């Protein structure tokens, strides 16, 4: 129960409608939420969304161009600039959400900012492919057969990161056995987030990584397995 009450002696002013909440962009954003609740937006699933962001960047020339075009369309349809979105929709959006989504630097739980971008990119002529069904939702990624051990490791890590809710941008660095500092720099995240991802991966995934080549004595999967064994023995 919230113990809230209006302060005494304070006049209540008549509210003023906010421009952004009467905009075309906001109305489309609400419509997409309805589609999502009705199960009509499979593209929002983590792996499908990553593929869609790659498609948007490809159609617009590169990630840099896509960031500019999508940001411009959002500003036009919402009547505000993208950097003001956290003021409008609260903590559901990150300050640089357009850049973060296109570079796979954000977690799959950031649904609100994905819907804002989906509306903008669709209006720019890059809708999700028809019949684009999710392969996430507890199922392994169904991608082409890997050509080498490094690709096998990356596919394994992509699926594990999806299941644990961490950014897919971590996959390549983790698969290459790089340090937490280097992975964080490449993915544009904080180092503690990389360490948290390592600590959150299932033990079966760590052992599989070791078995398919990421098994140097000082590699991060071995270090993480040692840490867990030590914790259990305590």
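Data overview
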quantity	calculated
Calculated P(r) of region 19-123 - Cα pairs past 20 Å, %	32 percent
Computed lengthening from residue 195 to residue 64, 0.36 nm per intervening residue step minus Cα-Cα distance	44.3 nm
Label-point separation in nm, residue 54 to residue 150, each point 7 Å along Cα→Cβ	1.6 nm
Computed label-point distance, nm, for sites residue 207 and residue 230 using a 7 Å Cα→Cβ extension	2.1 nm
Order of 130, 154 under a 10 Å beta carbon neighbour criterion, fewest first	130, 154
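Coordinate-derived values only; no laboratory data. All values derive from a computational prediction rather than experimental measurement. Here the Cβ is made from the backbone with ideal geometry for all residues, glycine too, and neighbour counts use every protein chain on show.
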